[in-house]
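The structure appears below as C-alpha cells.
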Amino acid sequence: MPSRWVPLAAEVEWFEGHRGRERPEALRSGAGRLVLTVEASWAVGPDVAGQAERRVFLVRAADGRRLRIRLNGQGHVAVEAEVPE
C-alpha cells in the first residue's frame, strides 16, 4: 500500500548512547509524550564538502504510528508522519 509523509509539529527527546551518537527516544506534542523505537537509521552525506552529515531515523511510536525524523548538521529537526494513501 503506498504512503506519503506529512510534516508533524513535535519536539524530539534525544538519548546519547555510549558512542556519542544521538538517537530519538521520545516525541512530545500536544497529545503528550510518546516513546519511540528506532526501526532504521542512516547517514546522508553533506551537500557541500566540509559540512556535517545529516541523519535520518525511521521510528515507530508507542501508539503504532510510523515516523521519519531528519536531523541536519546544524541541529535542525524535522518530523514527518507516514500516512497511507
Requested in this report: Using 0.36 nm per residue of separation minus the Cα-Cα distance, give me the extension gain between W14 and R66 in nm, one decimal.
Outcome: 17.0 nm
Report summary line: Here the relative contact order (percent) of the chain, from C-alpha pairs under 8 Å and at least 6 apart, is 30
Query raised in the report: What accessible area per residue, rounded to a whole number of Å², is obtained for the chain using a probe radius of 1.4 Å?
Result: 66
Report summary line: Once phi for every residue in the range 53-70 is put through the Karplus expression 6.51 cos²θ - 1.76 cosθ + 1.60 (θ = phi - 60°), the whole-Hz ³J(HN,Hα) values, with Gly and Pro written as x, are 5, 9, 10, 10, 10, 9, 10, 10, 7, 4, 8, x, 5, 9, 10, 10, 10, 10
Requested in this report: First measure r as the distance between the Cβ atoms of S41 and V83, then evaluate 1/(1 + (r/R0)^6) with R0 = 22 Å and state the FRET efficiency to the nearest 0.05.
Outcome: 0.55
**Report entry** Formal net charge of residues neighbouring L8 (Cβ-Cβ distance under 11 Å; K, R +1; D, E -1)
**Finding:** -1
Query raised in the report: Ignoring any ligand, DNA or RNA, what whole percent of the accessible area of the chain comes from carbon and sulfur when the probe is 1.4 angstrom?
Result: 49
Requested in this report: Go through [x] 5.1; [y] 8.3; [z] 6.4 and flag the label whose value is the computed mean projected area of the Cα convex hull in nm² for this structure.
Outcome: [z]
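The values are calculated or read from the model by the stated rules, or taken from the named source; none is laboratory data. Remember, predicted model here, so these are calculated numbers, not experimental data. Heads up, the Cβs are rebuilt from the backbone with ideal geometry, glycines too, and the neighbour counts pull from every protein chain shown. Protein only, heavy atoms only, side chains kept; ligands, DNA and RNA dropped before computing areas. Shrake-Rupley method; radii C 1.70, N 1.55, O 1.52, S 1.80 Å.
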